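Laboratory data are not the source of any read-out in this text; all were calculated from the coordinates shown. All values reported here derive from a predicted model rather than from experimental measurement. Virtual Cβ from ideal backbone geometry, glycine too; neighbours counted across all protein chains shown.
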Amino acid sequence: MLDLGRDLSALGNVVLGGFGRVRYVVFKQVDRYVEDFELYARALLEGLGITNRAAIFFTAVDISSMRHVEGRLVELYATVGLANPACIGDRPTGGAHTVNILVVSKTALSSRGLLDLYRTAAEAKAATLTARGLCGGKPSLGTVSDAVLVAAPPGDAHYAGAATEVGAEASFLIYEILNK
């Protein structure tokens, strides 16, 4: 469990806690498919003594291999498992891995800025995994069960794309973290 130290605005496609405020982020390894991930997530949080302000990533990847990198404007955490790639034009082949990325911005962002950072992170993930050849030369979106969560202090900055300092740094660090 990561304690971000304060409540941040968050946006993501995690099972639980992808909208609103987040202070805690849990990366949980699961060894099998869970019938009701949301129920499982709520029980997990209850067991940790957290009732709100938390987001949960699930992965089949060994959590001890979590990757972390910190830049001047963003901090990233990732679990990287590349089985079952999501290749444009192909059907998934099976496997139990996922790419989970948490991007914590030190730059204060508005809701639009948070959405822009989410877009930037998803694009950087797909571009990096395509460049790595995950889909054998075809475009890759990542794997079929990827999740991205972005968090930032609330603010007025509406943009966090590649043309901004925070977006450029996030993109570069995602490239770096996925190529470790």
Inset, instruction - Go through (1) farther than 24 Å from Ser140 by Cβ; (2) part of a loop (DSSP other than H, G, I, E, B); (3) among the hydrophobic types (A, V, I, L, M, F, W, C) and name the single condition Ala83 misses. - result: (1)
Inset, instruction - Taking Tyr118 as meeting all but one of (1) closer than 24 Å to Asn179 by Cα; (2) of a type in the set (Ser, Thr, Tyr); (3) in contact with a helix residue (DSSP H, G or I) (Cβ under 8 Å, 6 or more places away or on another chain), write down the number of the exception. - result: (3)
Inset, instruction - Could you look through the range 1-23, keep only residues that are assigned to a strand (DSSP E or B) and touching a helix residue (DSSP H, G or I) at 6+ places or on another chain (Cβ under 8 Å), and pick out the one that is nearest to Thr59 (Cα to Cα)? - result: Leu16
Inset, instruction - Report, by residue number, each residue of the range 72-121 that is in contact with an Asp or Glu (Cβ under 8 Å, 6 or more places away or on another chain), charged (D, E, K, R) and within 15 Å of Ile174 (Cα to Cα). - result: Arg72
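Condition check ((1) surrounded by fewer than 16 Cβ atoms within 10 Å (Cβ to Cβ); (2) assigned to a helix (DSSP H, G or I); (3) free of Cβ contacts under 8 Å to residues at least 12 places away in the same chain) across all residues:
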residue	(1), (2), (3)
Leu114	no, yes, no
Ala121	no, yes, no
Thr130	no, yes, yes
Gly137	yes, no, yes
Leu149	no, no, no
Ala160	no, no, no
Ala170	no, yes, no
Glu176	yes, yes, no
Legend entry - Residues of the range 54-72 that turn out to be farther than 16 Å from Val148 by Cα and assigned to a strand (DSSP E or B), as a count: 1
Legend entry - Hey, Thr107 closer than 21 Å to Ala10 by Cα, in contact with a helix residue (DSSP H, G or I) (Cβ under 7 Å, 6 or more places away or on another chain) and in a loop (DSSP other than H, G, I, E, B) or not: yes
